[in-house]
């Protein structure tokens, strides 16, 4: 099973592609990770187009079985939450349009699954991602490590996608 993990954002979208490397389910290997960056001074609609295009290309290149997306955390700034919602909508649309099954995970569940603590800090997530995948160093930037953690969460929990899409 190949999983594309996504850590949503408008300035930076983290992504990580992991593949089950055998049994047990906790054996996985990292195929690619990185970030999609959008210029901060661009209008929001153009940033969303850039995210959609980059994600569509990534999906076409890797052909994941599932796209695991981190859910929105509740920020105190309503505008930040709304803008993040726009980015998540574009991300979910790109996956659904490509026919990829989609699963969503709360940030605390991702941290608990990978680190063992739902309140883990970003450096702890990166450290555990590196340990679990036997990497020399955590993926950088932190958004990429977070996206890999989301993908690993799906592999480890074996959850079913919410939208029912099948390839």
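Counting only helical runs of four or more DSSP H residues, what would the 222 nm mean residue ellipticity of the chain come to if each run contributes -39,500 (n - 2.57) and the total is spread over all its residues?
On the way: 5 runs with 74 residues, N = 167.
Calculated at 222 nm, the ellipticity per residue is -14500 deg cm²/dmol.
Looking at segment 1-131, the DSSP beta bridges with both ends there are about 60 percent antiparallel. Sorted largest first, the principal axis extents computed over the alpha-carbon atoms of segment 1-51 equal 46, 13, 12 Å.
Taking every alpha-carbon pair in the chain and binning the separations at 10 Å intervals from zero gives 11, 43, 36, 9, 0 percent. When each of 70, 136, 19 is scored by the number of other beta-carbon atoms lying within 10 Å, the sequence from fewest to most is 136, 19, 70.
Once you have the Cα-Cα distance between residue 73 and residue 140, take 0.36 nm times their residue separation minus that, and quote the gain in nm to one decimal. Please report the intermediate quantities before stating the final value.
Values: separation 67, 0.36 × 67 = 24.12 nm, distance 2.15 nm.
That pair, residue 73 and residue 140, stretches by 22.0 nm at full extension.
Springs between Cα atoms under 10 Å define the GNM used for the chain, and in it the highest mean-square fluctuation of 76, 97, 113 occurs at 76. Taking other C-beta atoms within 10 angstrom as a stand-in for reagent exposure, 132, 157 fall in the order 157, 132, fewest first.
Can you give the angle from 0 to 90° between the axis of helix 44-62 and the longest principal axis of the chain, with both taken from C-alpha atoms, to the nearest 10? So the helix axis and the longest Cα principal axis differ by about 30 degrees. Comparing 20, 61, 29 in a Gaussian network model of the chain, where Cα atoms under 10 Å apart are tied by springs, the biggest mean-square fluctuation is seen for 61.
FYI, it's all coordinate maths here, none of it is from the lab. Quick caveat: nothing in here was measured; it's all calculated off a predicted structure. So basically every Cβ, Gly included, is an ideal-geometry build from the backbone, and we count neighbours across all protein chains shown.
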